[in-house]
Amino acid sequence: TAAFPAWTPFGTGCPGASGVPVMAQLSPAWLGQTHTMRVTNLDPQALPFALVGLSNTAWVGGALPFPVRLAYPNTASGCQLLVSPDASTYLPNAGGSATLSFGLPLAVGLLGTDLFEQAAQLDLALFLSLSAAARITLGAR
């Protein structure tokens with residue numbers, strides 16, 4: 001059964017020294033293919049990372065969205081964790097942008113499954129900023 005993948009942004013990010021990190025999808029989430037997203041508007045010296053999860057309503061710390069300042073005070077007021085951080089990875093920073101790619105198994109049982117992504121960066125002053133998030137719905141051809 002064919003079903004198209006979807007990339008649906010939601011929420012708002014919070015700024016750091018270089019502004020709000022911005023995520024964009026580079027390749028759709030087809031089962032059996034590689035899904036790629038890029039983060040731009042990063043401080044070129046910051047440490048960016050990606051958060052990927054299975055929920056945008058709950059995580060081990062409670063309900064989402066979660067006000068980040070409660071756990072990490074060195075962030076902008078109103079900054080929110082929007083996705084469950086079930087997996088996280090460092091993203092190499094290439095002059096203010098970074099890319100995350102991961103393979104999706106060719107497993108029909110995953111058709112229509114939603115994943116959630118959000119990017120973050122920690123700058124040299126240890127200030128944390130986050131992007132808006134996106135819902136990724138897995139599709140098949």
>> With the structure loaded, tell me whether GLY53 is of a type outside the set (Val, Ile, Thr) and either at positive phi or surrounded by fewer than 16 Cβ atoms within 10 Å (Cβ to Cβ) (or both) or whether it fails that test.
In response: no
> Could you say whether any residue in the stretch 43-65 is in a strand (DSSP E or B), of a type in the set (Phe, Trp, Tyr), over 12 Å from the mean Cα position of the chain (by Cα) and closer than 15 Å to ILE136 by Cα?
Replying inline: no
> Going by the structure shown, is THR12 farther than 23 Å from THR75 by Cα, open to solvent by 50 Å² or more (accessible area, probe 1.4 Å), out of contact with any helix residue (DSSP H, G or I) (no Cβ under 7 Å at 6 or more places or on another chain) and of a type in the set (S, T, N, Q)?
Replying inline: no
>> Please determine whether any residue of the stretch 24-35 is without any contact (Cβ under 8 Å) to a residue 40 or more places away in the chain and either assigned to a loop (DSSP other than H, G, I, E, B) or not polar (S, T, N, Q) (or both).
In response: yes
> Is it true that VAL39 is modelled with pLDDT of 95 or more, in a strand (DSSP E or B) and closer than 30 Å to ARG141 by Cα?
Replying inline: yes
> Scanning the stretch 123-141 for residues that are within 16 Å of the chain's Cα centre (by Cα) and closer than 13 Å to VAL68 by Cα, which turns out surrounded by the most Cβ atoms within 10 Å (Cβ to Cβ)?
Replying inline: SER131
> Taking the stretch 15-34, which residues are out of contact with any Phe, Trp or Tyr (no Cβ under 6 Å at 6 or more places or on another chain) and either within 15 Å of THR113 (Cα to Cα) or surrounded by 15 or more Cβ atoms within 10 Å (Cβ to Cβ) (or both)?
Replying inline: PRO15, SER18, VAL20, PRO21, VAL22, MET23, PRO28, ALA29, TRP30, LEU31, GLY32, GLN33
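Could you please let me know if ARG69 is under 17 Å from GLY13 (Cβ atoms), of a type in the set (Lys, Arg), outside any loop (DSSP other than H, G, I, E, B) and at pLDDT below 95? Let's see the steps before the verdict.
Details: under 17 Å from GLY13 (Cβ atoms): yes; of a type in the set (Lys, Arg): yes; outside any loop (DSSP other than H, G, I, E, B): yes; at pLDDT below 95: yes.
Here the answer is yes, as ARG69 does meet what is asked.
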>> Anything in the stretch 72-100 that is of a type in the set (Ser, Thr, Tyr), open to solvent by 30 Å² or more (accessible area, probe 1.4 Å) and outside any strand (DSSP E or B)? List them, or say none.
In response: TYR72, SER77, SER97
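The values are calculated or read from the model by the stated rules, or taken from the named source; none is laboratory data. No experiment lies behind these values; they were computed from the predicted model shown. Using ideal geometry, Cβ is built from the backbone for each residue, glycine included, and neighbour counts are taken over all protein chains shown. Just so you know, the surface numbers come from the protein's heavy atoms only, side chains and all, with ligands and any DNA or RNA stripped out. Shrake-Rupley method; radii C 1.70, N 1.55, O 1.52, S 1.80 Å.
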